[in-house]
Amino acid sequence: MEEQGLRALVVTGPEEISYLSGLANQGHFVFIALVVDAAGEPATLVAREMEEPTAAAQASTCAFAGYGDSTDPAELVREVLPGLGRGERRVGYQPGSLSFPVAVWRGLDERLRPVSWVDCDQLLAELQAVRSEREINRLRQAGRLSDIGMRAGVAAASIESPGGQVVGAIEHAMLAAGSDYPGFVPLVRSTEQIRQEHVAWVPGHLSEGDTIFLELSGACARYHAPLGRTVRPRGSRPERADEISRIGLASIQRAMRPGRAAGDVYREWSEAVGAELGHAYTRHHCGYVVGLGFPPSWMAGRVASLRPDNSTALRAGMTFHIQSWILDPEAGVYALSDTALLTRDGCELLTQTPHDLVRPAGR
């Protein structure tokens, strides 16, 4: 903040608020902000008045300022912001946050004019980019919980299974094993519907001959380790896409090394898959950063991904949900994903479920 000449910072992303204060609840459906003073005074948590007991329990190092349901929260943020004298009109904020309503921002902007708003999304992302040992331990536990959820989902996917039943089995297994509620509902659908990304499940039953795709994540102290698997029906023959997807995932693991650019990893994955298919193959990315997550996501709001144009240098301690999706009219459909920790020596998978899964016989 000092380097960027910021007098204050208004943090509104649930993940960033949790990282800086410890607050971890479901109250982010209304406005919550953490106001950080560059002078080093205790940060102030601005939230509904009813959140004060939670703040006292989880974010006790912060001051608390509560607003009533008939109060404009922008007015309270203005009151708790440190004085903005002449030459101190630069205030950091998160324009990419899903939790900073336009109405609140406009109200605050009007009250503070003249003010220079400074985009601090990257500053906050950089702060969290490399995981501490404590965070890595939480991610390892989240990976273990994801494996438990995947086993339960595959077991529940008998010859005839409603998608919701499979999702219920996944969540029951993970929660019973100690998981937090995940930031995203498990996704279960047949590969015929795989392009309907972010659909939790399609109404009706998974039929006997369906190849299904499951994507899910357990959560430990709000840290997530997503996992995706394609599961063929018993007795079915693998398609070319199965092996190509595995080759692609292995190429990502080899490419992830400290000092390399995120775009380099994508290029090596795309080239490895394209060589097997015999033609160029592209997707929007082959993975993205994961860590803290609150609904409606198991990652922070901004997608920091392994994409072609990303020059971000990889560092030991970063964690990614790496993905190798093959959707090809000739080779077939198959998708795999794991959570990976970048180490000094390369890449370590935090999810351990086998890649070659088969749906169980009906009960």
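The values are calculated or read from the model by the stated rules, or taken from the named source; none is laboratory data. Since the structure is predicted, the reported quantities are computational estimates derived from the model, not experimental observations. Neighbour counts are summed over all protein chains in view; Cβ atoms, including those assigned to glycine, are modelled from backbone coordinates with ideal geometry. Accessible surface areas use protein heavy atoms only, side chains included; no ligands, DNA or RNA. Shrake-Rupley method; radii C 1.70, N 1.55, O 1.52, S 1.80 Å.
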### Query
Points 7 angstrom from Cα along the Cβ direction at ASP356 and GLU79: gap in nanometres?
6.6 nm
### Summary
In deg cm²/dmol, rounded to the nearest 500, the helical mean residue ellipticity at 222 nm of the chain, built from -39500 (n - 2.57) for every DSSP H run of length 4 or more, is -9500 deg cm²/dmol
### Message
Suppose every Lys and Arg Cβ carries +1 and every Asp and Glu Cβ carries -1, with no other charges. What dipole size does segment 53-194 come out with about its Cα centre, to the nearest 20 debye?
### Response
340 debye
#### Entry: Mean Cα-pair separation over length for segment 2-128, i.e. relative contact order, pairs under 8 Å, 6 or more apart, %
28 percent
### Message
Please list, ordered by chain and number, the residues whose modelled amide H lies under 5 Å from the amide H of ARG48; skip anything fewer than 5 residues away on the same chain.
### Response
TYR67
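Counting Lys +1, Arg +1, Asp -1, Glu -1, what net charge surrounds ALA55 among other residues with beta carbon under 15 Å of its beta carbon?
That sum, taken over residues with Cβ under 15 Å, equals -2.
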### Query
With every protein chain in place, what's the accessible area of THR211 (1.4 Å probe, Å², nearest 10)?
20 Å²
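Under a point-charge model restricted to the Cβ atoms of Lys and Arg (+1) and Asp and Glu (-1), what is the dipole moment magnitude of segment 207-320 relative to its Cα centre, in debye to the nearest 20?
Roughly 340 debye, rounded to the nearest 20.
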### Query
Put TRP201, TRP298, TRP117 in order of accessible area, largest first, 1.4 Å probe: what do you get?
TRP201, TRP117, TRP298
## Note on the structure
Whole-percent carbon and sulfur contribution to the accessible surface of the chain (1.4 Å, no ligands, DNA or RNA) stands at 50 percent
### Query
Assuming R0 = 45 Å, what is the FRET efficiency of HIS279 and ALA221, from their Cβ-Cβ distance, to the nearest 0.05?
0.55
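Take the alpha carbon gyration tensor of segment 95-237, find the square roots of its eigenvalues, order them as a ≥ b ≥ c, and report rounded if a/c is under 1.5; if not, report prolate when a/b exceeds b/c, else oblate. Don't skip to the answer; put the middle values down first.
Details: a/c = 2.99, a/b = 1.92, b/c = 1.56.
Note, shape of segment 95-237 comes out prolate.
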### Distance histogram in 10 Å bins (all Cα pairs of the chain, percent per bin)
5, 23, 28, 23, 14, 6, 1, 0
### With Cα atoms, 0 to 90° folded angle of helix 133-156 axis to the chain main axis
40 degrees
## Note on the structure
Under 5 Å from the placed amide H of THR351, counting only residues 5+ away or on other chains, we find THR339
### Task
Between the alpha-carbon centers of segment 8-38 and segment 334-355, tell me the distance in whole angstrom.
30 Å
### Query
When only the heavy atoms of the protein chains count and the probe is 1.4 Å, how do ARG222, ARG144 rank by accessible area, highest first?
ARG144, ARG222
### Message
7 Å from Cα along Cα→Cβ at both ASN25 and GLN193: what's the point-to-point distance in nm?
### Response
3.6 nm
### Summary
The distance between the Cα centres of segment 166-212 and segment 79-147, in whole Å, is 32 Å
### Task
Mind putting a number on the dipole of the chain about its Cα centre? Charges go on the C-beta only, +1 for Lys and Arg and -1 for Asp and Glu, and I need it in Debye to the nearest 20.
560 debye
## Note on the structure
Once SER158 and ARG260 are pulled to full extension, the length gained, defined as 0.36 nm per residue separation minus their Cα-Cα distance, is 32.4 nm
### Summary
Residues whose built amide H sits under 5 Å from the amide H of ARG90, excluding neighbours closer than 5 in sequence, are ARG7, SER116
### Summary
Expressed as a whole-number percentage, the relative contact order of segment 133-349 with C-alpha contacts under 8 angstrom and at least six residues apart is 21 percent
